[in-house]
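Presented below is the structure to which this report refers.
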Amino acid sequence: MQNYIKLKKILEDLQPYSIKLGLDRTIAMLEALRNPHHAFKSIIIGGTNGKGSVAQMLSDSFIHKGYRVGLYTSPHLIQLNERIKVNNKSIDYNTLLSLSLKLEPIAKEFGATYFEFLTVLGFLVFKNLNVEYAVLEVGMGGEFDATNVVDPILSVITSISLDHTEHLGKTIEEITKTKMAIIKKIGVIGKNPPNVVDLIKQSKNVPLYFVDEQYVNRAKNFDLKFLKCDYEKENLACAMLAVDSLNKHYNLGLSAEPMKDTYWPARFEIIKSANKTFIIDGAHNIDGTLRFLECAKKIKGTKMLIYSSLKQKDYKKILNIFDGWFDEILITKIKNQNSINESDIKGTLKNYHFLEDVNTCLQYAQQSTYKNIFIAGSLYLAALAKACSIVEESLP
């Protein structure tokens, strides 16, 4: 616990809520540390939705073949060290703190952000623990994201839709341009609108592989143990194509078979108790919301939704999408300075209740007659819900 508190203090001193796009600070830190990211081969994954699931699927495939693999994802759900894993094990805080103390003066010298610090820290961990391959999830966008300092052997782009428009652009085309900047040697592209596909084809003169009906059908025939929502089959198709592309170009002997057991939390995660079913999803943009709702509609029985969001998201449009599909909607706040409040949603929904925190919502839900309790709108909300005793006691 002491090591975690010390690490958290280092990160807080870096102004964790600031976003400063650009690679200069990350490159400068890496050069000062003798470029630890050159010690392993990288696979980088960008896109709007599905990045984390695909990253975990690919990591599982590498581990199954016997490779030593690092996994870098963001944001974390509950514990900070979830972001940096080797062979699916989160790195202990003693190791993270030791390397952070080495990195801290360099990060302060170059004015690094919270995310840039953690990205470089991940590279240091992977080098020190002799990782052969690292699977890296882009934080936001692509071109100016700190992960884009690597020279990946394969780049994956999942689905692209509108999100983070204040930083990445107001149109799909603008967002596609920044996301496809991660494609350097070989690109694997998930299911996307024709304008996205055409733009990538026109812009990139490297081998490109696009998910087609063959891969969609292969994915449909896979029985995923944990990732039950339909949108995960699209992510699976993308991961399958990535595996085949890696095998074709590098003869790695990877298999899609271990992806059947891939677990990625808070993605239509179903947790059953004696008399309730809790379904937790981190959907926080329009596209993710529509995909979540498609799956929610298929669940039989009465339904309650617990919702919260950050103010910079399209929460009014999202609430309009949800309106009418649930027997009752509870709106709440999350522990974030940018959380929506009751005043933000007035006039958006006809019928809802506002409760002050997630725990109160879950207690209300537990005492209700509703069979299915859906929790969606933010990964911050998902984390708070999973940590509540009512849900935690129902975990297998």
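The values are calculated or read from the model by the stated rules, or taken from the named source; none is laboratory data. Owing to the predicted nature of the structure, the values given are computational and were not obtained by experimental measurement. FYI the Cβ positions are ideal-geometry reconstructions off the backbone, even for glycines, and counts take in every protein chain you see.
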**Request:** Would you tally the residues in segment 1-42 being among the polar types (S, T, N, Q) and at positive phi?
**Result:** 2
**Request:** Test residue 318 against the criterion of being surrounded by 15 or more Cβ atoms within 10 Å (Cβ to Cβ), closer than 24 Å to residue 50 by Cα and aliphatic (A, V, I, L, M), and give yes or no.
**Result:** yes
**Asked** Mind checking which residues of segment 341-354 are under 27 Å from the mean Cα position of the chain (by Cα) and either in contact (Cβ under 8 Å) with a residue 12 or more places away in the chain or outside the structural domain of residue 274 (by TED's automatic domain parsing) (or both)?
**Response** 344, 345
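Residues checked against (1) within 23 Å of residue 235 (Cβ to Cβ); (2) out of contact with any strand residue (DSSP E or B) (no Cβ under 9 Å at 6 or more places or on another chain); (3) among the polar types (S, T, N, Q):
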{"site": "73", "(1), (2), (3)": "yes, no, yes"}
{"site": "78", "(1), (2), (3)": "yes, yes, no"}
{"site": "99", "(1), (2), (3)": "no, yes, no"}
{"site": "109", "(1), (2), (3)": "no, yes, no"}
{"site": "116", "(1), (2), (3)": "no, yes, no"}
{"site": "135", "(1), (2), (3)": "yes, no, no"}
{"site": "139", "(1), (2), (3)": "yes, yes, no"}
{"site": "149", "(1), (2), (3)": "no, yes, no"}
{"site": "152", "(1), (2), (3)": "yes, no, no"}
**Message:** List pairs: first residue in segment 284-302 and closer than 12 Å to residue 322 by Cα, second residue in a loop (DSSP other than H, G, I, E, B) and of a type outside the set (A, V, I, L, M, F, W, C) anywhere in the structure, Cβ distance under 6 angstrom, at least six positions apart or on different chains.
**Reply:** 286/314; 292/281
**Asked** For residues in segment 219-236 being of a type outside the set (A, V, I, L, M, F, W, C) and touching a residue at least 24 places away in the same chain (Cβ under 8 Å), which is surrounded by the most Cβ atoms within 10 Å (Cβ to Cβ)?
**Response** 235
**Prompt:** Do we find that residue 384 is touching a Ser or Thr at 6+ places or on another chain (Cβ under 8 Å), surrounded by 13 or more Cβ atoms within 10 Å (Cβ to Cβ) and not small (Gly, Ala, Ser) in this structure?
**Reply:** no
**Complete:** For segment 16-53 the number of residues that are under 30 Å from residue 232 (Cβ atoms) and either at pLDDT 95 or above or not in a loop (DSSP other than H, G, I, E, B) (or both) is 12
**Message:** Going through 139, 122 one at a time, which residue ends up being outside any loop (DSSP other than H, G, I, E, B) and assigned by TED's automatic domain parsing to the domain that holds residue 243?
**Reply:** 122
**Prompt:** Does segment 109-116 contain any residue that is at pLDDT 95 or above, in contact with a Lys or Arg (Cβ under 7 Å, 6 or more places away or on another chain), within 23 Å of residue 262 (Cβ to Cβ) and of a type in the set (D, E, K, R)?
**Reply:** no
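For (1) surrounded by fewer than 18 Cβ atoms within 10 Å (Cβ to Cβ); (2) small (Gly, Ala, Ser), each residue gets a yes or a no:
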site	(1), (2)
111	yes, yes
140	no, no
145	no, no
155	no, yes
**Request:** Sort through 88, 3 and tell me the only one that's without any contact (Cβ under 8 Å) to a residue 40 or more places away in the chain and either out of contact with any Cys (no Cβ under 6 Å at 6 or more places or on another chain) or under 21 Å from residue 113 (Cβ atoms) (or both).
**Result:** 88
**Message:** Residue under question is residue 360, and the condition is that it be closer than 18 Å to residue 383 by Cα, without any contact (Cβ under 8 Å) to a residue 40 or more places away in the chain and either in a helix (DSSP H, G or I) or among the polar types (S, T, N, Q) (or both); does it hold?
**Reply:** yes
**Asked** Tell me, which residue of segment 237-296 that is outside any helix (DSSP H, G or I) and of a type in the set (Asp, Glu) is surrounded by the most Cβ atoms within 10 Å (Cβ to Cβ)?
**Response** 281
**Request:** For residues that are over 18 Å from residue 304 (Cβ atoms) and either modelled with pLDDT of 95 or more or surrounded by 14 or more Cβ atoms within 10 Å (Cβ to Cβ) (or both), tally how many sit in segment 321-340.
**Result:** 3
**Prompt:** Looking at this structure, is residue 151 in contact with a Lys or Arg (Cβ under 9 Å, 6 or more places away or on another chain) and not in a strand (DSSP E or B)?
**Reply:** yes
**Request:** Return yes when residue 188 is crowded, with 21+ Cβ neighbours inside 10 Å and part of a strand (DSSP E or B) and no when it is not.
**Result:** yes
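So that you can scan it fast, the table gives a plain yes or no per residue for (1) more than 30 Å from residue 361 (Cα to Cα); (2) at pLDDT 95 or above:
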| position | (1), (2) |
| --- | --- |
| 211 | yes, yes |
| 222 | yes, no |
| 226 | no, no |
| 249 | yes, yes |
| 254 | yes, yes |
| 302 | no, yes |
